[in-house]
1. Using R₀ = 22 Å, calculate the FRET efficiency as 1/(1 + (r/R₀)^6) where r is the Cβ-Cβ separation of A:Leu98 and A:Thr56; round to 0.05.
2. Residue separation times 0.36 nm, minus the C-alpha to C-alpha distance between B:Thr154 and B:Ala50: what's the value?
3. Using only the Cα atoms, what convex hull volume per residue in Å³ does the protein assembly as shown have?
4. At a Förster radius of 45 Å, what calculated FRET efficiency corresponds to the Cβ-Cβ distance of B:Asp9 and B:Arg220, to the nearest 0.05?
5. Under the rule a/c < 1.5 gives rounded, and otherwise a/b versus b/c splits prolate from oblate, where does the range A:1-48 land using the Cα gyration tensor?
6. Give, as a single signed number, the net charge of other residues whose beta carbon lies under 15 Å from the beta carbon of A:Ile92, with Lys and Arg counted +1 and Asp and Glu -1.
7. Enumerate the whole-percent occupancy of each 5 Å bin, from 0 to the last occupied one, for all C-alpha pair distances of chain A.
8. Give the shape of the range B:1-128 as rounded, prolate or oblate, defined through the alpha-carbon gyration tensor: a ≥ b ≥ c are the square roots of its eigenvalues, a/c under 1.5 means rounded, and otherwise the shape is prolate if a/b is larger than b/c and oblate if not.
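Just so it is clear, none of the values below were taken in a lab; they were calculated from the coordinates. Just so we're clear, the structure is a prediction, and the values are computed from it rather than from any experiment. Using ideal geometry, Cβ is built from the backbone for each residue, glycine included, and neighbour counts are taken over all protein chains shown.
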Amino acid sequence: MTVQTVALLAVGTYLLRWCGPLVHGRVDLSPRFQTVLSASATALLCAMAAVSALTTGHGFAGWARPLGVLAGVVLALRGVSFLVVVVVAATITALLRLAGVS
Amino acid sequence: MRSLCRTLDRSLLRDIAAVALAMGIVGASFGALAVTAGEPLWVPVAMSLAVFAGGAQFATFDIAVGGGGTAAAVAAGLVLNARLLAYGLTVADVLDVRWPARLLGSHVLTDQSVAFARAERDPRRRRAAYLACGVLLFATWNAGTLVGALVGRTVGDARALGLDAAEPMVLLALVLPALRQRGVRRAASAGTAVALATVPFLPAGLPVLLALSGPLLLAREGAAVEDATEEGATDEGAANEGPADKGVADGTAEGAGVGREEGRA
């Protein structure tokens, strides 16, 4: 891990963050574009969640993590608070691994 | 900060604090992972401060430590963070403030702060939710990273504690309310399916970006009718209070806008 790697990633990431606010007020985005953009943000969040729940590298992550997350989702849908949901997901994942499920 | 707390109600602040706490744990697992892999303390600490994007930090770190080279490592992180560009457009109204604040506020643009902002319709509450989540998350993420890096070798395996489930869990819990709207749900499911299907053979980060195909395909279906209403760029003055803001407030944010209200009703 080099200083360049950290610096390049930091600068690039900041520029990506900055583009939206920079463009705002200069370019008028059509309502349809706004709708698509909003759905895109949701789709990206979903994909990010699914990929990090189900995969490690290029393959399946094993059952422990997805099952833990699934338990959390069930609780979240029932309106249980965020913190409990996250703790339950991690605990079930840990217990499954303890029981030998990867 | 005090006015932030007054604008946001207690249950929302509790949700934000819970997410921040959970991400602090994920940050700790990043710090621990980095020093366990033999990196000096400054590497995870500097990354969390300057990059402040969990997925990209893990991805870049894995590739760099695995010997993938600077270019590949940085590219993977940036591809993963390209979604921040789309997020920036959806919450740009929140950051329509004076320049110093805008420069700093942009840095706390994350999956989580955007999700909280989008759940609010009132402009003041949007901004307050965004900033409260962004600032708190920045604090816990960095504190977590530092603690994880300091005690990393003694804690042992973050996986054994199930901590790798925390990040997807936080993201899912945040996105669930937006999925109540049928159109959005279809777009997101299609996109997520594409992302998962391409994970085995595409470099890290790209599959997530391909999830954009879902909303884009659905947009094409309804495109013909709405093309007539499309407008070009207008001058700056008009755009500030222009239809762009209203579009978000009335049309899109409503469904995506989470069932914080619905949940209570």
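1. Result of the calculation: an efficiency of 0.75.
2. Extra length available between B:Thr154 and B:Ala50 comes to 34.8 nm.
3. 132 Å³
4. The value I calculate is 0.70.
5. Verdict is oblate for the range A:1-48.
6. Once all neighbours under 15 Å are counted, the net charge is +2.
7. 2, 10, 11, 14, 14, 12, 15, 13, 5, 2, 1, 0
8. Taking the square roots of the gyration eigenvalues as a ≥ b ≥ c, the range B:1-128 is prolate.
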